[in-house]
Amino acid sequence: MSIELTTEHFRRADESDDAVFYSEPRLVKHIDEFACAALASYFQLTLPEDGNLLDLMSSWASHLPETPKYRRVTGLGMNKTELNENPQLTDHIVHNLAINPKLPFEDASFDGCMITVSVQYLIHPITVFEEVARVLKPQSPCIVSFSNRCFPTKAVEIWQRLTSSGHAKLVGYYFDATRQFGPHKFQDISPNKGQTDPLFVVCAHSTYSNDR
């Protein structure tokens, strides 16, 4: 990033308690079916088979492919009803990252992590990304996906200021700032470009060591 990020960049129009905002279940998908299918295909190519996965900022759909089957999929989100409705989760926990960005998991617990169309809501992104690196096994992927939709009152100020290419650079900055991920890769995986929802991913692999 060409600017120095401050707390002001992570302000939201609605600074009220996120637990209240997310208390009502929203059993809708935030990208269309074409984008969902593209994301599932990307996951199939990138996430390890038979792995333990973390669906961070999860809801009622994890967008994982039907095959392969994963050993365990843990969801961390804000609404218990949504998490209960997610058929791909094997277990879940309600946890507010705005209040506590530390993840309630042991080091090297997971073989992969997904942050799906939700990164725009993080107000402590570097701490959260550091925590993701910590709970991932070495060389495990973290996949951050985003589209052009958001809850505008809860998305942080810097996100709303940027274009899609700027979003990719911002997510890349989050990875780089931790110094606990390898090189990140940006891909535009939008299906039917210009006709259906756009979809972008930034992926990097953990290099975390607890010797640091």
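The values are calculated or read from the model by the stated rules, or taken from the named source; none is laboratory data. None of these values were measured; they are calculated from a predicted model. Ideal geometry is used to build each Cβ from the backbone, glycine not excepted, and the neighbour counts take in all protein chains shown.
Being over 14 Å from S118 (Cα atoms) and touching a helix residue (DSSP H, G or I) at 6+ places or on another chain (Cβ under 9 Å) narrows it down to one of A13, A40, so name that one.
Working: A40 fails: touching a helix residue (DSSP H, G or I) at 6+ places or on another chain (Cβ under 9 Å).
The unique qualifying residue is A13.
One line per residue, one yes/no per condition, for (1) basic (K, R); (2) more than 25 Å from D197 (Cβ to Cβ); (3) surrounded by 20 or more Cβ atoms within 10 Å (Cβ to Cβ):
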position: T6; (1), (2), (3): no, yes, no
position: A38; (1), (2), (3): no, no, yes
position: P48; (1), (2), (3): no, yes, no
position: G51; (1), (2), (3): no, yes, no
position: D55; (1), (2), (3): no, no, yes
position: H63; (1), (2), (3): no, no, yes
position: E66; (1), (2), (3): no, no, no
Q: Please determine, by comparing only the residues of region 159-188 that are touching a strand residue (DSSP E or B) at 6+ places or on another chain (Cβ under 6 Å) and in a loop (DSSP other than H, G, I, E, B), which one is farthest from F43 (Cα to Cα).
A: G182
(Q) Can you pull out every residue in region 144-177 that is surrounded by fewer than 20 Cβ atoms within 10 Å (Cβ to Cβ) and aliphatic (A, V, I, L, M)? (A) A155, L162, A177
Q: Restricting attention to region 158-187, report how many residues are of a type in the set (D, E, K, R) and modelled with pLDDT under 95.
A: 1
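Just to check your reading of the model, which residue among D32, D18 is under 23 Å from Q120 (Cβ atoms) and touching a Lys or Arg at 6+ places or on another chain (Cβ under 8 Å)? Before the answer, list the steps.
Values: D32 fails: touching a Lys or Arg at 6+ places or on another chain (Cβ under 8 Å).
Matching residue, one of D32, D18: D18.
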Q) Looking only at residues in region 79-112 that are of a type in the set (D, E) and surrounded by 18 or more Cβ atoms within 10 Å (Cβ to Cβ), which one is modelled with the highest pLDDT? A) D111
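Taking the stated definitions as given, is P183 closer than 17 Å to P48 by Cα and either out of contact with any helix residue (DSSP H, G or I) (no Cβ under 7 Å at 6 or more places or on another chain) or surrounded by 20 or more Cβ atoms within 10 Å (Cβ to Cβ) (or both)? Reasoning before the result, please.
Numbers: closer than 17 Å to P48 by Cα: no; either out of contact with any helix residue (DSSP H, G or I) (no Cβ under 7 Å at 6 or more places or on another chain) or surrounded by 20 or more Cβ atoms within 10 Å (Cβ to Cβ) (or both): yes.
No, not satisfied.
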